[in-house]
Number of protein chains: 2
Amino acid sequence: MSTDPSASRRKAPIERAAEIARRSQEIALDEGLSALTLRAVASRVGVTPALVSHYQPSMDALVAQTFGAIVAAEISEVAEELAPCETSVAALKTLIDSLLGPERSAVTAVWLDAWSLGRRHPALAVEVGAQMDAWQAFLAELLKTGCVRGEFRAIDPDAVAWQLLAIIDGLNAHAVVRYGHAQRLRGLVRTVAEHELGLPPGALDSGDNPEP
Amino acid sequence: MSTDPSASRRKAPIERAAEIARRSQEIALDEGLSALTLRAVASRVGVTPALVSHYQPSMDALVAQTFGAIVAAEISEVAEELAPCETSVAALKTLIDSLLGPERSAVTAVWLDAWSLGRRHPALAVEVGAQMDAWQAFLAELLKTGCVRGEFRAIDPDAVAWQLLAIIDGLNAHAVVRYGHAQRLRGLVRTVAEHELGLPPGALDSGDNPEP
DNA sequence: TCTGTTATTGATCACTTGATCAATTAATTC
DNA sequence: GAATTAATTGATCAAGTGATCAATAACAGA
């Protein structure tokens, strides 16, 4: 009974740091970025607030890092979903469905917190800017590939990417704040995307009807 | 020199309450909703924190009330701008220009704060919902009038109003967080509006070119 | 001029936040 | 097994938050 390897053993710095990062993301997704306090993290990890301070230079840094990690994970998840898609149209369709799905409300709430908190926390503001750029780059890449393949026609794919992201953010914000409108508004993004990318109407509909 | 009417005279409750409300709106627009603290309000009004508490049941209530007042003023301002417009097309054009103008960034920042804070403050959440409904009702009214006049063609003006507001909110959020994209993206709302309302392309452009 | 009402104050409480530091103790190394 | 390193703790600080309450003082009406 004396060789229990999990009982009150101190962890290697890398493990502990990873644990703190993981738990921080949990808290942010569960209760919002502003619930990410020194004591909340310490409590969930099961250690003392002083230890969290020991691993993190400041809470501002931890909040920024946590936000960045959550969004980076979001992008990775979507990228995985898009991998099996053979056409750019299918990929865009999947991306829109995924980003507007109800299971993303937690991440959207984190985005709202970040936009608000970022105005007072420079480190977070920098991270917000970086992650918005990352999302735009990811979507623009998709659009450009579609243009090369001849599936899309867009003069300025970068601008279209920003437009689509802005619409998606607006719709998601509304959906998070006031439920009930998400379903109804989902078609809007497809309509805009079709218009901006020279696609025939209905090309991005949910069913499998690419074009007649 | 003894009859200075403005020196250290206590004010009537109605005046004082109005003063607190006005100063609170200033703070919220200047530094954000989260800067609206008991002491910040007291300091700007020039009184003791206890007096603010005396006039307000709780800070949550004051924050919610201040947000509501700011948005109500926003709607009133836009409504005034729209009054001289003779056609619904002109009114919609003016509304879009006004809502996407750079001078609204302070109000947009307040919206972002409210969306974020509203998740933890029920009273604010209620006010956010009410003001979103108010904006939607205002815009839907405009669209319905346009339909009656034969200027617009929309099956569901209420849904279109929600769509346009979502896009505007998304664009404004991006513009507040990251400057530089506002100008480029402004045309998007017009394109969507024209598409959804059966207008000819260019009908909502800035210049005076209704239709040939 | 006196009296009653109440706007206003000063002091203070309870709570939460981020942060620091000496002391401790587990793990590693020799 | 002893010595060294450092992960971890407990205690504590200063700052900021909302809120309360007795005491004060300005005003209104008699």
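Read the figures in this text as sums done on the coordinates, not as results from a lab. None of these values were measured; they are calculated from a predicted model. We place every Cβ from the backbone using ideal geometry, glycine too, and count neighbours over all the protein chains shown.
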**Message:** Among the residues of the stretch A:117-133, are any in a helix (DSSP H, G or I), touching a residue at least 24 places away in the same chain (Cβ under 8 Å), among the acidic types (Asp, Glu) and within 14 Å of another protein chain (Cβ to nearest Cβ)?
**Reply:** yes
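Mind counting the residues in the stretch B:28-47 that are within 11 Å of DNA strand D (Cβ to nearest atom) and surrounded by 13 or more Cβ atoms within 10 Å (Cβ to Cβ)?
We begin by selecting, within the stretch B:28-47, every residue within 11 Å of DNA strand D (Cβ to nearest atom); these are B:31, B:33-43.
Now restrict to residues that are surrounded by 13 or more Cβ atoms within 10 Å (Cβ to Cβ): B:31, B:33-38, B:40-43.
The total comes to 11.
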**Prompt:** How many residues are over 18 Å from A:Pro122 (Cα atoms) and either touching a helix residue (DSSP H, G or I) at 6+ places or on another chain (Cβ under 8 Å) or buried (at least 18 other Cβ atoms within 10 Å of the Cβ) (or both) when one looks only at the stretch A:51-69?
**Reply:** 4
**Fill in**
Restricted to the stretch A:134-143 and to residues being surrounded by 17 or more Cβ atoms within 10 Å (Cβ to Cβ) and without any contact (Cβ under 8 Å) to a residue 60 or more places away in the chain, the residue farthest from A:Glu196 (Cα to Cα) is A:Gln136
